[in-house]
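The values are calculated or read from the model by the stated rules, or taken from the named source; none is laboratory data. Only a predicted model underlies this, so the values are computations on that prediction, with no experimental measurement involved. Here the Cβ positions follow ideal geometry from the backbone for every residue, glycine too, while neighbour counts run over all protein chains shown.
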């Protein structure tokens, strides 16, 4: 081949190489541009999803670290592409009631307020003298900001005794009536309205993300079922309420044990008058095992009575969040007590939620903490 043809071929080769390089660069640039666009779209979708989640859980402070952690955890167990994905049947969340979903400082737990009302201010009921003496000392202590006095037996046992013989339906009506009384120490709120708005919003959100939500309360379960009717029962039906158990009996049962008596068409279910189980501390673990049959992946509480079920949850890979009642402006929180509880929780690996810093509102903007005798509501006088 002559030199001329060699020169021609070399020239053609150079042109082709240059063309390929240019086209290759354009392809690489195009691929990079597509990847960047996809990444930007994914980031936008993630931001939009995060904002949608935050909007779905109102009443929390915008900078709440606890809420962000909860939303992140929920996302990780509900997105099918996640390594932590859980099918809906395994998404179990358990909430304590008093002090976690519902107030407990007006001036004490709702069940204690109901007990004091029944013994001291219900003219249709005559309590035994020892119960009346204790109830009077208890109410006086509450009025003066003092500790609960020593009792002849547990307050829960005496509460059970004070409703002995009452049909269960009548008992629930009694609870419903008392719910209409103004909550002591607050303006524009009845007992029945005393829900923590951020926490009820969280319950709704979890239910919407496929969680089965339970309540595990130290209060008597029929009482709690009545309290949540019309508020939380849309997301937590009655069968998912676990609580302390009062004994029951049938009207015609007499001294015969329930296992030996056959319920008749004429029978009613009555409150028998004894505490069977107080659902607190390790009993909350036992009731989860007995009544749910699955380990929760989320637990929410606010006191030492909830630490056992928190430990049970975390031990099995879940997360536990404990509310700190540290807001002395919108509620009757105790900062020193809250700080001690925070330290206890952190040592155990439980996360905490500051009501003061992380709740945009507690009961609603129209509800105001007021000065005065917080035992006034126990009298049960409706507005």
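Remarks
- Comparison of 142, 202 shows that the only residue that is in contact with a helix residue (DSSP H, G or I) (Cβ under 8 Å, 6 or more places away or on another chain), within 30 Å of residue 53 (Cα to Cα) and assigned to a helix (DSSP H, G or I) is 202.
- Of residues in region 232-253 being touching a helix residue (DSSP H, G or I) at 6+ places or on another chain (Cβ under 7 Å) and not in a strand (DSSP E or B), the one surrounded by the fewest Cβ atoms within 10 Å (Cβ to Cβ): 238
- In region 313-349, the qualifying residues are those that are under 16 Å from the mean Cα position of the chain (by Cα) and assigned to a loop (DSSP other than H, G, I, E, B), and the one that is nearest to residue 68 (Cα to Cα) is 318.
- Here residue 370 clears all of (1) crowded, with 19+ Cβ neighbours inside 10 Å; (2) over 30 Å from residue 166 (Cα atoms) except the condition numbered (1).
- All positions within region 149-162 that are in contact (Cβ under 8 Å) with a residue 24 or more places away in the chain and within 22 Å of residue 376 (Cα to Cα): 155, 156, 158, 159, 162
- Residue 273 assigned to a loop (DSSP other than H, G, I, E, B) and at pLDDT 95 or above: no
- Screening the candidates 71, 86 for the property of being within 27 Å of residue 197 (Cβ to Cβ), in the same structural domain as residue 212 (by TED's automatic domain parsing) and either without any contact (Cβ under 8 Å) to a residue 40 or more places away in the chain or not in a helix (DSSP H, G or I) (or both) yields one hit, 71.
- Matching residues in region 305-337 - criterion: being surrounded by fewer than 17 Cβ atoms within 10 Å (Cβ to Cβ) and touching a residue at least 40 places away in the same chain (Cβ under 8 Å): 329
- Just one residue in the set 165, 218 is touching a residue at least 12 places away in the same chain (Cβ under 8 Å) and surrounded by 15 or more Cβ atoms within 10 Å (Cβ to Cβ); that residue is 218.
- Filtering region 341-383 to residues that are closer than 23 Å to residue 317 by Cβ and in contact with a helix residue (DSSP H, G or I) (Cβ under 7 Å, 6 or more places away or on another chain) leaves 348, 349, 350, 351, 352, 353.
- Qualifying residues in region 180-191 (those that are surrounded by 21 or more Cβ atoms within 10 Å (Cβ to Cβ) and touching a helix residue (DSSP H, G or I) at 6+ places or on another chain (Cβ under 6 Å)) - the one farthest from residue 223 (Cα to Cα): 185
- Test: residue 111 is free of Cβ contacts under 8 Å to residues at least 40 places away in the same chain and either farther than 29 Å from residue 147 by Cα or touching a strand residue (DSSP E or B) at 6+ places or on another chain (Cβ under 9 Å) (or both): no
- None of 301, 317, 273 is assigned by TED's automatic domain parsing to the domain that holds residue 110, at positive phi and in contact with a strand residue (DSSP E or B) (Cβ under 8 Å, 6 or more places away or on another chain) except 273.
- The set of residues in region 350-372 that are under 20 Å from residue 306 (Cα atoms) and not in a loop (DSSP other than H, G, I, E, B) comprises 351, 352, 353, 354, 355.
- Residue in region 123-137 that is in contact (Cβ under 8 Å) with a residue 40 or more places away in the chain and surrounded by 13 or more Cβ atoms within 10 Å (Cβ to Cβ) present: no
- Matching residues, region 77-109, being over 22 Å from residue 291 (Cβ atoms) and in contact with a helix residue (DSSP H, G or I) (Cβ under 9 Å, 6 or more places away or on another chain): 77, 78, 82, 83, 84, 85, 103, 104, 105, 106, 107, 108
- Meets criteria (crowded, with 20+ Cβ neighbours inside 10 Å and farther than 21 Å from residue 295 by Cβ) for residue 71: yes
- When residues of region 178-199 are limited to those that are in a helix (DSSP H, G or I) and in contact (Cβ under 8 Å) with a residue 40 or more places away in the chain, the one nearest to residue 225 (Cα to Cα): 179
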